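Encoded as structure tokens, the structure appears first; notes follow it.
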Amino acid sequence: MASASRQLLARCMSGSAAAKKLVIKHVTVIGGGLMGSGIAQVAAATGHTVVLVDQTDDILKKSAKGIEDSLKRVAKKMFADKPEASSQFIQKTLSNLSTSTDAATVVHSTDLVVEAIVENLEVKHELFKRLDKFAPEHTIFASNTSSLPITDIANSTTRQDRFGGLHFFNPVPMMKLVEVIKTPMTSQTTFESLVDFSRALGKMPVSCKDTPGFVVNRLLVPYLMESVRLYERGHASKEDIDIAMKLGAGYPMGPFELLDYVGLDTSKFIIDGWHKLEPDNPLFAPSELLNKLVAENKLGKKTGEGFYKYR
Ligand SMILES: NC(=O)c1ccc[n+]([C@@H]2O[C@H](COP(=O)([O-])OP(=O)(O)OC[C@H]3O[C@@H](n4cnc5c(N)ncnc54)[C@H](O)[C@@H]3O)[C@@H](O)[C@H]2O)c1
């Protein structure tokens, strides 16, 4: 065979290998906070080997303790009167899980990196730019960001085709949904690999383009802000709005209960970001009351007071 034809054939063959879906077995989760711990727990419980990475051993100790406690609760529900099966499940899950403070080293042998660190574009950029140098070619990168464009995060790497969004919901072990985000550069095989991975976790994936809030937050946050505006105008009390949405719309929590649960700072951060992107969109308009509560450090359940008092 002529050398030019051989080269062409080799290129086509390597192209078709690259086009194969990736079966994700080894996962690195970066960020051992609320979301990262949940993602690591669910991935380990479904048979993946998982390394959870954070900045210090002390943080990782807390994450491991949180995961163990959560696993016990899950196992109690799954194996109500089978204590042996329950402890086997916990042991097997924990044996799939390890921790590290050195992301660059552990990504050498990983199929997927799921990032769940602080919601700051610069910090996420710095992390992915570094990992891009150490992770193998085939490794897919995913961010769990709630409010930053996946495309902007992916631009810090040279693997935009192997980069997507995996947006989980809190608490991860309980919430069934994962939004799988495809940017204009995400390859179809990367997207399908992320969808398959979400299913392997026992979750229900839905897909969404890389747009503010994806599906759930794009609908939920304007609804929460509209509830605050209704209250600010004095049209109804917050207690009545909460009762109305629970008993009239069948929602499990009222909007003010939900805002306090999510954290008023988090909600403000999201709406401020969208307002910057689309200043003329009335759905993304800031609220004076929300800003005031955040300035007073009344952030919701976590500080003991938000729209309601918890002390
Ligand atoms: N909290 C939610 O309900 C929720 C829901 C969906 C998505 N998210 C997104 O998930 C991400 C994490 O949110 P969270 O609520 O778990 O935050 P969190 O504050 O609970 O945890 C973040 C963790 O990341 C660690 N971290 C920060 N920088 C790091 C770095 N460079 N390397 C390694 N670890 C680092 C911190 O030490 C911390 O433990 C954010 O992008 C957020 O937008 C949050």
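The values are calculated or read from the model by the stated rules, or taken from the named source; none is laboratory data. This is a predicted model, so every value here is computed, not measured. Because the Cβ atoms are built from the backbone with ideal geometry, glycine has one as well, and the counts that use them run over all protein chains shown. Accessible surface areas use protein heavy atoms only, side chains included; no ligands, DNA or RNA. Shrake-Rupley method; radii C 1.70, N 1.55, O 1.52, S 1.80 Å.
Solvent exposure of segment 21-209 amounts to 47 Å² per residue of accessible area, where only protein heavy atoms count and the probe is 1.4 Å.
Rolling a 1.4 angstrom probe over the protein heavy atoms with all chains in place gives segment 217-303 an accessible area of 55 Å² per residue. Counting only protein heavy atoms and using a 1.4 Å probe, the accessible area of Thr151 comes to about 30 Å². Size descriptors for segment 145-290: radius of gyration and Dmax over Cα atoms are 17.1, 52 Å. Taking the Cα centre of segment 21-209 as reference, the dipole from Cβ charges on Lys and Arg (+1) and Asp and Glu (-1) amounts to some 540 debye.
Largest first, the extents of the alpha carbon coordinates of segment 54-213 on the three principal axes equal 49, 33, 26 Å.
With both residues required to sit in the chain, DSSP beta bridges show an antiparallel share near 15%. Structure note, pairs Lys209/Lys292; Lys76/Lys302; Lys62/Lys302; Lys62/Lys268; Lys25/Lys82: Cα-Cα distances above 24 angstrom occur for Lys209/Lys292; Lys76/Lys302; Lys62/Lys268; Lys25/Lys82. Protein heavy-atom surface of the chain, 1.4 angstrom probe: 58% of the accessible area is carbon and sulfur, with nucleic acids and ligands not counted. Farthest toward the positive end of the dipole of the chain, out of Ala116, Ala75, Ser207, is the Cα of Ala75, where the dipole comes from beta carbon charges about the Cα centre. Of the listed residues His48, His138, His108, the order by accessible area with a 1.4 Å probe, largest first, is His108, His138, His48. The phi torsions of segment 258-274, fed into the Karplus equation with coefficients 6.51, -1.76 and 1.60 and a -60° offset, translate into couplings of 5, 4, 5, 5, 5, x, 5, 5, 5, 5, 5, 4, 5, 5, 4, x, 5 Hz, rounded to whole numbers, with Gly and Pro shown as x.
Stretching Arg130 away from Leu277 to a fully extended chain increases their span by 50.1 nm, per 0.36 nm per residue minus the current alpha-carbon distance.
Extension gain for His138 to Ala295 (0.36 nm times residue separation, less C-alpha to C-alpha distance): 52.0 nm. In this structure, Cys208 and His108 have a Cβ-Cβ separation that, at R0 = 35 Å, corresponds to a calculated FRET efficiency of about 0.65. Between Ala285 and Asp240, the modelled labels are 2.2 nm apart [label points 7 Å from Cα along Cα→Cβ].
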